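The values are calculated or read from the model by the stated rules, or taken from the named source; none is laboratory data. None of the values given here were measured: they were computed from a predicted structure. With ideal geometry, Cβ positions are generated from the backbone for all residues, glycine too; neighbour counts draw on all protein chains shown.
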Amino acid sequence: MKILGIDDNTDINELLDTVLNGSGHEFIFVKNGTEGLKFIREKKFDIVLLDLAMPEFSGFDVINSLLKEGLLTKQKIILFTASSVLDSEIEELIKKGVHSCIRKPVDLDFLLEKLEQLQV
Amino acid sequence: MRIKLKLIIMFSIVIIAAVVSTSYISFKSLESAIIESQLRQMGHEVEIKANLIDNLNSRASEDLLFAVKNPVFVKYFELPDTRAGNIYKDGVLQFTAQQRILKNELDQWIYDFQNKFSVDETCLVDRTGQEQTRLVMKTIAPFSSLSHKEAATPFFKPSFQKNINEVYSQYPYVSPDTKRWVFAYTTPIVLNDGSKPAFYHFEMPLKSFQDMTKVDQGRAYVIDPRGYLIADSGHVYNQSLNSAPFGQSPKDFFPSISTISTSSEFNKDIRNILASSNSTNPGHVTYSAGGELHYIVYKRLPMFGWVLAYEKPYSLMMSDNYNLHDLAVTLFVISLGVIAGGLIAVYVLSNRITRPIIEFARKCRNQDVSDLQRINPSGKDKEINQVIDAFNEMIERVNATEKQKDEFASMVTHELKSPLTPIMGWCQTLKNPKLIGQLNNKQLNAVDVIQRNAKRLLQLVGDILDVQKLDLNRMKFDSQPIDVDDLLNYMYNNLQNVMAQKNIRQINSTKEQLTVRSDRNRIEQVLNNLILNAVDFVPSEGGEIEYGAQSKGDEVLFYVKDNGTGISPEKQKNLFHKFYQIDTSVTRKHGGSGLGLAISKGIIESLGGKIWIESELGKGASFYFTIPNDRTSTAMSEKVMDVREEAK
């Protein structure tokens, strides 16, 4: 699957790069929301793993922009976020069209299993 | 002290003081008005009596003078026989024929005169002290009884010192003829040549004067300058003095003023009155005796320096006056009314003052600590509203601070948690030979240690986050039908590794098929807490943990029992408190945060259930909790995944 990771944390990006590309997926990552938005506009991804808490252009901004442009449901956006974001906020985003949410830190086996499910 | 009580006491004092002082003033003013009017009345009566006495006195003098105006007196004494002196025969006065004619004329005149004017005795005394004629109680004395020793009488000398138309009054004495106290009026008989051969005299009974002191109420008396009571309405004078010597001292007959009162105040006052020369208007003095005040109205009489006094005690002055009594009753009733009304008003008022304060206190107490709200003022009392405003400002500041604290705590927790994602992820990746190559055993061991500690750190941060959420009432709960059997089997399978490692026998003793609508993840969390807790307490050999569920009315009762050391009742009390650890060394081994049971309690209570422990030292411990069917909350979106389990 073609997967885009948007996260300001390089350690996580590199981890996912190792794990996902090592598991037969095609994973690329960007380090901020602006760039991520550009990538989503230009290319087609099966799944976008989107971090919410990022400086300057956050995950919320990305979702709002996609919503405006009608691109939100074109690919499965999975929020990849820490527990500081409230459940209610996430529910709100899911109502808007976000696919689902995976809380950090994540069990890599679980992540792979989940991606497997989405591929079917 | 309560404000209400303070107000009631304060106002009660004010009301009672006002009522009492008003009553006292009204009572006193009426009392003094009554006394004043009584004194006026007494003064009036004293004036009347003084006038009566004065009239008696002046009438006696005038009549005496009128009597001697009859020319028969002069004619009688101008007779040469009379001038020559009378001749005694056997000690009895002899009269010549001419003398007899004139004497008869004299006697007739005197007799007529006595008929008109009540005098006890009249007599005519010549310069030698010889009585020329005498009438005693309207009876003409026989010659044989005419005295010739009248020169010894106290009025003999002063009578001759008087001129024509002048009257001498003699201080009372006991009359030897009438045998009673009298006082005498005399005037000289003056011939044409100015000589005074005799004086004419009549005696007034003291009784007629004493009778004038009679009063209906109180006591009237006449005091002479020496302090004797010449007349006294309160004293019965002996009027028949058979063996009374002439010129008897008043001391032996008249009571002294000390018989009225021995009070030194009274005696001093009376002496002052007697010594004073003021005689025009009635004056008054008071003295106290027998526990009450006595009022004396007095007036100086024109004769002998006597003072007429009229005395009434306070009770007598008031006795006729029902006004005062009525006023006292009225004042008492009104006072009671005013005090009662005042107290009711004070009670109502104080309630009004304190009610908003109590109301405010109640609202403060009912505040949810995790969600402090502004309090709306319920009244219009400025001061109390100021307090409420100040309180609201404080709440706002507290809320602002609280929000900052929450944000800070959430930020800290997040910051603590986010490095764990790459740490744990990379550990997992390192252990996967397919991804970045095979590690040797030592290296794998090191990764295990890192991974285990990272998990522990994650558990701690998670617990702190849970406590924070529970404290702030911000934990959200799912509401789904739970297959309890499935839940417990899942637990059993999950725990198998741990139990096997520690050589503990775990028993799922559930016998029923149960379903309950609640939050499965949270119940799992609680069961996990309790079971892992028990793991730390069972003996290293033969450890046994039994758990399961059974129905209990509408609820499901979960239990976790161990055969460990048990927990003493003292320790049970603190068991569910935050950061409480039964045995710190054990905790180190288990690596708990000390928050597990507090979180469990918070979760169970939030789900509407109860959690408790039954244990005895040495006999193991049993934890119980109930889960009711959730009927209120709506199901959360299924898409929201809780990753707590996933993270493990």
**Request:** Name the single residue, out of those in the stretch A:1-11 being within 10 Å of another protein chain (Cβ to nearest Cβ) and touching a Lys or Arg at 6+ places or on another chain (Cβ under 8 Å), that is nearest to B:Leu435 (Cα to Cα).
**Result:** A:Thr10
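For (1) farther than 18 Å from B:Gly341 by Cβ; (2) at pLDDT 85 or above; (3) part of a helix (DSSP H, G or I), each residue gets a yes or a no:
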{"residue": "B:Leu5", "(1), (2), (3)": "yes, no, yes"}
{"residue": "B:Val14", "(1), (2), (3)": "no, yes, yes"}
{"residue": "B:Val19", "(1), (2), (3)": "no, yes, yes"}
{"residue": "B:Thr22", "(1), (2), (3)": "no, yes, yes"}
{"residue": "B:Ile35", "(1), (2), (3)": "yes, yes, yes"}
{"residue": "B:Gln41", "(1), (2), (3)": "yes, yes, yes"}
{"residue": "B:Val46", "(1), (2), (3)": "yes, yes, yes"}
{"residue": "B:Arg59", "(1), (2), (3)": "yes, yes, yes"}
{"residue": "B:Ala67", "(1), (2), (3)": "yes, yes, yes"}
**Fill in**
Among residues of the stretch A:28-51 being assigned to a strand (DSSP E or B) and within 14 Å of chain B (Cβ to nearest Cβ), the residue farthest from the chain's Cα centre (by Cα) is A:Phe29
**Prompt:** Residues in the stretch A:52-71: is at least one under 29 Å from B:Glu415 (Cβ atoms), facing chain B (nearest Cβ under 8 Å), part of a helix (DSSP H, G or I) and at pLDDT 90 or above?
**Reply:** no
**Request:** Considering every residue within the stretch B:506-529, establish whether at least one is modelled with pLDDT under 85 and among the hydrophobic types (A, V, I, L, M, F, W, C).
**Result:** no
**Prompt:** Condition test on A:Lys74, is it outside any helix (DSSP H, G or I), surrounded by fewer than 18 Cβ atoms within 10 Å (Cβ to Cβ) and of a type in the set (D, E, K, R)?
**Reply:** yes
**Message:** Residues that are closer than 23 Å to A:Ala53 by Cα and either touching a helix residue (DSSP H, G or I) at 6+ places or on another chain (Cβ under 9 Å) or of a type in the set (Phe, Trp, Tyr) (or both), at least 3 per element: which helices (runs of 4 or more DSSP H) completely within the stretch B:386-482 meet that?
**Reply:** B:420-430, B:441-471
**Message:** For the stretch B:147-174, which positions are of a type in the set (A, V, I, L, M, F, W, C) and either under 23 Å from B:Thr82 (Cα atoms) or surrounded by fewer than 16 Cβ atoms within 10 Å (Cβ to Cβ) (or both)?
**Reply:** B:Ala151, B:Ala152, B:Phe155, B:Phe156, B:Phe160, B:Ile164
**Output for the stretch B:209-237, where each listed residue is of a type in the set (D, E, K, R), more than 16 Å from B:Asp54 (Cα to Cα) and free of Cβ contacts under 8 Å to residues at least 12 places away in the same chain** = B:Asp216
**the stretch B:169-184 residues that are at positive phi, paired with ones that are of a type in the set (S, T, N, Q) and not in a strand (DSSP E or B) (beta carbon under 7 Å, 6 or more apart)** = B:Lys179/B:Ser240; B:Lys179/B:Asn242
**Request:** Looking only at the stretch B:53-69, decide whether some residue is surrounded by 15 or more Cβ atoms within 10 Å (Cβ to Cβ), more than 30 Å from B:Ile223 (Cα to Cα) and touching a helix residue (DSSP H, G or I) at 6+ places or on another chain (Cβ under 7 Å).
**Result:** yes
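Conditions (1) crowded, with 20+ Cβ neighbours inside 10 Å; (2) modelled with pLDDT of 85 or more, marked per residue:
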position	(1), (2)
B:Phe113	no, no
B:Thr128	no, yes
B:Arg134	yes, yes
B:Pro176	no, no
B:Gly194	no, yes
**Message:** Considering only residues that are more than 13 Å from chain A (Cβ to nearest Cβ) and either basic (Lys, Arg) or loosely packed, with under 12 Cβ neighbours inside 10 Å (or both), which ones fall in the stretch B:439-455?
**Reply:** B:Asn440, B:Asn441, B:Lys442, B:Asn445, B:Val449, B:Arg452
**Message:** Looking at the stretch A:106-117, can you tell me whether even one residue there is modelled with pLDDT under 85 and at the interface with chain B (Cβ under 8 Å from one of its Cβ atoms)?
**Reply:** yes
**Complete:** Only unsatisfied item for B:Ser378, checking (1) within 14 Å of chain A (Cβ to nearest Cβ); (2) surrounded by 12 or more Cβ atoms within 10 Å (Cβ to Cβ); (3) over 28 Å from B:Gln468 (Cβ atoms), is (1)
**Prompt:** If you check B:Asp471 against the conditions, is it surrounded by 12 or more Cβ atoms within 10 Å (Cβ to Cβ) and within 14 Å of chain A (Cβ to nearest Cβ)?
**Reply:** no
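Where residues in the stretch B:120-146 are in a loop (DSSP other than H, G, I, E, B), touching a residue at least 40 places away in the same chain (Cβ under 8 Å) and among the charged types (D, E, K, R), which of them is nearest to B:Ser175 (Cα to Cα)?
The extreme case among them is B:Asp120.
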**Message:** For the stretch B:430-438, check the following and say yes or no: at least one residue is surrounded by 18 or more Cβ atoms within 10 Å (Cβ to Cβ), in contact (Cβ under 8 Å) with a residue 12 or more places away in the chain and within 12 Å of chain A (Cβ to nearest Cβ).
**Reply:** yes
**Prompt:** Which residues, counting only those in the stretch B:77-94, are hydrophobic (A, V, I, L, M, F, W, C) and part of a helix (DSSP H, G or I)?
**Reply:** B:Phe77, B:Ala84
**Fill in**
Across the stretch B:77-94, the tally of residues that are within 26 Å of B:Phe66 (Cβ to Cβ) and surrounded by fewer than 20 Cβ atoms within 10 Å (Cβ to Cβ) stands at 3
**Prompt:** Right, B:Arg40: surrounded by fewer than 17 Cβ atoms within 10 Å (Cβ to Cβ) and in contact (Cβ under 8 Å) with a residue 12 or more places away in the chain or not?
**Reply:** no
